[in-house]
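The values are calculated or read from the model by the stated rules, or taken from the named source; none is laboratory data. Here the structure is a predicted model, which is why all the values come from computation and not from measurement. Reconstructed Cβ throughout: ideal geometry from the backbone, glycine too, with neighbour counts over all protein chains shown. Note: accessible area is taken over every heavy atom of the protein model, side chains too, but ligands, DNA and RNA are not part of it. Shrake-Rupley method; radii C 1.70, N 1.55, O 1.52, S 1.80 Å.
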Amino acid sequence: MVNDTDRQGRKIADVLVSDPQPDAPEQEKFLNYEIVSAGLADIHTAYVESCFNRSLLVQGGREAKQSRRRI
């Protein structure tokens with residue numbers, strides 16, 4: 001789901017991927033959170049407000065910082 005476009009014309013989007021589990025085959029993962037919490041990306045405050053799961057992104061950023069997994 002595209003939320004915004006940055007100054008360079010890149011799309012800002014929330015990305016959900018299928019993560020089927022035996023007890024919940026329709027389960028999805030919020031890929032943005034997974035990447036941020038692993039320390040592979042950082043949050044840009046100018047665009048986080050347009051994300052529908054912004055609280056999860058902020059939480060993932062805190063987790064990465066506390067675990068020293070920052071890029």
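Here GLY39 clears all of (1) touching a strand residue (DSSP E or B) at 6+ places or on another chain (Cβ under 9 Å); (2) assigned to a loop (DSSP other than H, G, I, E, B); (3) surrounded by 13 or more Cβ atoms within 10 Å (Cβ to Cβ) except the condition numbered (1).
Of all the criteria given as (1) open to solvent by 50 Å² or more (accessible area, probe 1.4 Å); (2) of a type in the set (D, E, K, R); (3) touching a Lys or Arg at 6+ places or on another chain (Cβ under 7 Å), the one not satisfied by ASP19 is (1).
Yes or no: the range 19-34 includes at least one residue that is aromatic (Phe, Trp, Tyr), touching a residue at least 12 places away in the same chain (Cβ under 8 Å) and part of a loop (DSSP other than H, G, I, E, B). No, because not a single residue in the range 19-34 is aromatic (Phe, Trp, Tyr), touching a residue at least 12 places away in the same chain (Cβ under 8 Å) and part of a loop (DSSP other than H, G, I, E, B). Scanning the range 48-71 for residues that are crowded, with 17+ Cβ neighbours inside 10 Å and either of a type in the set (Phe, Trp, Tyr) or farther than 16 Å from ASP14 by Cβ (or both) yields a single hit, ALA64. Hey, does the range 58-71 have a residue that's in a loop (DSSP other than H, G, I, E, B) and in contact with a strand residue (DSSP E or B) (Cβ under 8 Å, 6 or more places away or on another chain)? No, that holds for no residue.
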